[in-house]
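The values are calculated or read from the model by the stated rules, or taken from the named source; none is laboratory data. Please read all numbers here as calculations on a predicted model, not as lab measurements. Every residue, glycine among them, receives a Cβ derived from its backbone with ideal geometry; neighbour counts consider all protein chains shown.
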Amino acid sequence: MKPPVPEIPVPVWRNFKDLQEWEQLHQERPSGDKHSSAFVSITEGIHNFPGGFVVTTVADSFFNWARKSSVWPVTFGLACCAIEMMATFASRFDVERLGMVPWASPRHSDLMIVSGTVNIKMAPMLKRIYEQMPDPKWAVSMGSCANSGGPFRHGYFVVKGVDRVIPVDVYVPGCPPPPESLLNGLLLLQDQISHFRRTGKRAEPNPKVD
Amino acid sequence: MTLDQARTLISQRFATAQVEPAVAGGPIVATVPPDQWTPFAQFAKNDLHCRFFSFLSAVDWKEQGLEVVARLDNVDDRIGLMMKTKLGPGVSACPSITPIFRGADWMEREAYDMFGIRFEGHPDLRRILLTDDWVGHPLLKSYAVDTPHPPYR
């Protein structure tokens, strides 16, 4: 008994980039991410000029202070962790006192909180939204699912950690993490941003003095 | 029409149908051979007045083969009909009931997606949940759980 094989039509969304194309594009972290080569070379020149490191380190700390004081997370809720994320954004935990304004556009945002399970069909969209965010940008992986796949790790359609899709700066454990945990993760991220190197290298510690 | 009348009507019209013993408050559970699947669904719609199509799914019984399950309801007379068919070992073809119940369309697509059952007569049989380039049918028992699938795993 041989069944007739029906003709399967090609869906219209095949014209878009498929997963394999996304894979080739985004296998590794782009080298231009968070750095502009011309900008880096100019600041390297200033930094290596005698006494120039004062300029770069002061500018660095100023820019990092500005960056960490206005981290705007894009509202990107994927699963039940998004409920806790909303609670964190709401008035009781109030991330606006940290300068974080949840913003509904990736083009104005600095931070993506991946809150929930990422499956293989969702991963290209997540990648696209991350690509739409302007540099410098950060990503917080919230919850077990986004960290490692969590309880669905052995499912056939679950990405085993969002760090296989986008680079992640802070991992928040929990299933789901309470708002306190996410708040702690956001504070860790702010601490990380304050040490963020953009305007050239930091001054090397002098072994004779230090 | 009462539940007992429906049971006797099924056993009269379909001699090959195996009707399981009645459970209080439960539906009629009838197993028919695959070639009787479409006539049985038509009979259930026309004669038992089971006009509400609830769901269609499948079960993988390993070496005994696949089994297709559909639930129909007669809401007026409170008759539930669970119709089953065993496709047999190694067979993945089943007649489609989409021409009878329009709601079976996506359910059969999902059963094709997850179990690889080819529904003959389905108007648009392609994957519904998984991506178009997916290899294999994940709810089969023979599907390896940790099958690597590019690009994200």
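Considering only region A:64-77, state which residues are surrounded by fewer than 20 Cβ atoms within 10 Å (Cβ to Cβ) and either part of a helix (DSSP H, G or I) or over 16 Å from the mean Cα position of the chain (by Cα) (or both). Result: A:Trp65, A:Ala66, A:Arg67, A:Ser69. In the set (1) within 11 Å of chain A (Cβ to nearest Cβ); (2) surrounded by fewer than 17 Cβ atoms within 10 Å (Cβ to Cβ), the condition left unmet by B:Arg78 is number (1). Of everything in region A:155-172 that is out of contact with any Phe, Trp or Tyr (no Cβ under 8 Å at 6 or more places or on another chain) and more than 11 Å from chain B (Cβ to nearest Cβ), the residue that is surrounded by the most Cβ atoms within 10 Å (Cβ to Cβ) is A:Val172. Suppose the filter is surrounded by fewer than 12 Cβ atoms within 10 Å (Cβ to Cβ), within 14 Å of chain B (Cβ to nearest Cβ), modelled with pLDDT of 50 or more and under 29 Å from the mean Cα position of the chain (by Cα); does A:Gln20 pass it? Yes. Of a type in the set (A, V, I, L, M, F, W, C) and surrounded by fewer than 18 Cβ atoms within 10 Å (Cβ to Cβ): is that true of B:Trp37 in this structure? Considered against the rule, which asks whether it is of a type in the set (A, V, I, L, M, F, W, C) and surrounded by fewer than 18 Cβ atoms within 10 Å (Cβ to Cβ), B:Trp37 comes out as no. On the given criteria, is B:Val19 β-branched (Val, Ile, Thr), under 26 Å from B:Arg118 (Cα atoms) and surrounded by fewer than 17 Cβ atoms within 10 Å (Cβ to Cβ)? When the stated conditions are applied, B:Val19 passes them.
Considering only residues that are small (Gly, Ala, Ser), within 21 Å of the chain's Cα centre (by Cα) and either modelled with pLDDT of 85 or more or farther than 23 Å from A:Glu44 by Cβ (or both), which ones fall in region A:152-210? If the condition is that a residue be small (Gly, Ala, Ser), within 21 Å of the chain's Cα centre (by Cα) and either modelled with pLDDT of 85 or more or farther than 23 Å from A:Glu44 by Cβ (or both), then A:Gly161, A:Gly174, A:Ser181, A:Gly185 are the ones that fit. When B:Leu48, B:Leu56 are screened for being over 28 Å from B:Leu139 (Cβ atoms) and touching a helix residue (DSSP H, G or I) at 6+ places or on another chain (Cβ under 6 Å), only B:Leu48 passes.
The set of residues in region A:23-67 that are modelled with pLDDT of 75 or more, within 29 Å of A:Tyr130 (Cα to Cα) and among the small types (Gly, Ala, Ser) comprises A:Ala38, A:Ser41, A:Ala59, A:Ser61, A:Ala66.
Answer with yes or no whether B:Val135 is more than 9 Å from chain A (Cβ to nearest Cβ), surrounded by fewer than 17 Cβ atoms within 10 Å (Cβ to Cβ), more than 14 Å from the chain's Cα centre (by Cα) and hydrophobic (A, V, I, L, M, F, W, C). It is true that B:Val135 is more than 9 Å from chain A (Cβ to nearest Cβ), surrounded by fewer than 17 Cβ atoms within 10 Å (Cβ to Cβ), more than 14 Å from the chain's Cα centre (by Cα) and hydrophobic (A, V, I, L, M, F, W, C). Just one of the listed residues (A:Glu96, A:Glu131) is surrounded by fewer than 15 Cβ atoms within 10 Å (Cβ to Cβ), under 11 Å from the mean Cα position of the chain (by Cα) and closer than 21 Å to A:Arg67 by Cβ, and it is A:Glu131.
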